[in-house]
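In what follows, a structure is listed as structure tokens, so that the remarks can point back to it.
The values are calculated or read from the model by the stated rules, or taken from the named source; none is laboratory data. Note that the structure is a prediction, hence the values are computed from the model and not measured. Please note: Cβ atoms are built from the backbone with ideal geometry, for glycine as well, and neighbour counts cover all protein chains shown.
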Amino acid sequence: MERGREMSDKRRWSRFAPKGLVSRTAKISFFAGLPSIDCRVIDLSAGGVCIELPSNCELPDQFELLHGGVRRPCRLAWKRGFRVGLEYVGSFRR
């Protein structure tokens, strides 16, 4: 395997599963005023979060995630069934 490819496949940030006082629940809120969706946090990092949706629903490219009292603008990174990877964009708001 090429060394350059091997280095690019590594994660940029380490992920961890919420434990202890970290909330495992979150809400997705849409900019268009649509009703929010409850979801479950699987793991998170400084750059994004993996969530599990209650049903297989379509998500727009950008929306806000409310987790632990903090709103983060997010972008859809990947989707596999009910699990979705989100990338944080911009800064957070309380």
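Overview of values
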{"item": "Segment 63-91, residues that are within 15 Å of Phe31 (Cα to Cα), surrounded by 14 or more Cβ atoms within 10 Å (Cβ to Cβ) and of a type outside the set (D, E, K, R)", "result": "Phe63, Leu65, Leu66, Pro73, Cys74, Leu76"}
{"item": "Residue satisfying all of: in segment 42-62; of a type outside the set (A, V, I, L, M), outside any loop (DSSP other than H, G, I, E, B) and touching an Asp or Glu at 6+ places or on another chain (Cβ under 8 Å); surrounded by the fewest Cβ atoms within 10 Å (Cβ to Cβ) among these", "result": "Cys50"}
{"item": "Verdict on Leu21 being surrounded by 11 or more Cβ atoms within 10 Å (Cβ to Cβ), at pLDDT below 90 and not aromatic (Phe, Trp, Tyr)", "result": "no"}
{"item": "Unique match (being of a type in the set (Lys, Arg) and out of contact with any Phe, Trp or Tyr (no Cβ under 9 Å at 6 or more places or on another chain)) among Arg83, Arg75, Arg71", "result": "Arg83"}
{"item": "Selection from segment 38-63 of residues that are within 16 Å of Ser23 (Cβ to Cβ) and under 11 Å from the mean Cα position of the chain (by Cα)", "result": "Cys39, Arg40, Val41, Ile42, Asp43, Leu44, Ser45, Val49, Cys50, Ile51, Glu52"}
